[in-house]
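Report on one structure; see the data block that follows.
We did not get these values from a lab; they are worked out from the coordinates using the rules stated. As the structure is a computational prediction, the values presented were derived from the model and not from experiment. For neighbour counting, all protein chains shown are included, and Cβ atoms are generated from backbone atoms with ideal geometry for every residue, glycine included.
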Amino acid sequence: MTTLPATVFEKIIAGQLPADIVYKDDRVTAFRDIHPRAPTHILIVPNKVIATTDDIADGDEALIGHLVTVARDLARQEGIAKNGYRLIINCREHGGQEVYHLHIHLLGGRPLGPMVTDSPAGA
Ligand code: AMP
């Protein structure tokens, strides 16, 4: 069995790498993205390693729900709930995932534009 190297998010959760942590409990950690794409850009991650959405087990349903309710609460806390915001989960290469530790991006604080950029090749 091979052990994959710890991702940066694992190190943040373990307190081995500094981050601007805005929320933490026994299941979830949330911190500000190091390269924010909007006035509010927070990453909400499970404390246990789940690499991608494709690796979510049926037994993780409650945990995934908790990630979303934490995102909802943080959006209210950031003052962006009234105008709205976007939650994004990227999965693997075509989804543009860079860090293989499941995370929800909470983005808001300005109009975010189209959901995806149109490609000349079409949909
Ligand atoms: P994704 O492309 O969905 O995997 O997003 C990964 C995100 O993690 C990117 O928006 C990065 O800017 C962000 N990121 C990478 N390293 C760090 C870090 N050390 N602290 C905070 N955010 C990070």
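Can you tell me the dipole magnitude for the range 8-108 around its Cα centre, using point charges on the Cβ only (Lys, Arg +1; Asp, Glu -1), in Debye to the nearest 20?
Dipole size: approximately 440 debye.
For a footprinting-style exposure proxy, rank His35, His105 by other Cβ within 10 Å, fewest first.
Details: His35 5, His105 18.
Least crowded to most crowded, the residues run His35, His105.
Quickly estimate the mean residue ellipticity at 222 nm for the chain, helices only: each DSSP H run with n ≥ 4 gives -39500 (n - 2.57), and the total goes over all residues, rounded to 500.
Using -39500 (n - 2.57) per qualifying helix, the result is -6500 deg cm²/dmol.
Could you point to the residue in Leu112, Ala57, Ala19 farthest towards the positive end of the chain's charge dipole, with +1 and -1 charges on the Cβ of Lys/Arg and Asp/Glu respectively?
Among Leu112, Ala57, Ala19, the one farthest towards the positive end of the dipole of the chain is Leu112.
What's the longest bit of the chain with no exposed trypsin sites (Lys or Arg not before Pro), using DSSP loop states and at most 15 other Cβ atoms within 10 Å as the test?
83-123
Could you compute the FRET efficiency for Arg37 and Ala57, with r as their C-beta to C-beta distance and R0 at 30 Å, rounded to 0.05?
So the FRET efficiency works out to roughly 0.50.
Just the ratio, please: alpha-carbon radius of gyration of the chain over 2.2 N^0.38 Å, N its number of residues. Don't jump to the answer; show the numbers that get you there.
Values: Rg = 15.0 Å, N = 123, 2.2 N^0.38 = 13.7 Å.
So the chain has a normalised radius of gyration of 1.09.
Do any GluC sites (Glu not before Pro) in the range 54-123 lie in a loop, going by DSSP, with at most 12 other beta-carbon atoms within 10 Å of their beta carbon, and if so which?
Within the range 54-123, the qualifying GluC sites (Glu not before Pro) (loop, at most 12 other Cβ atoms within 10 Å) are Glu98.
Hey, what did the chain get for relative contact order, percent, Cα under 8 Å, at least 6 apart?
28
Straight-line reach from Lys24: which lysines have a Cα under 16 Å away, not including same-chain ones fewer than 8 places off?
Within the straight-line limit of under 16 Å, Lys24 reaches these lysines: Lys11, Lys48.
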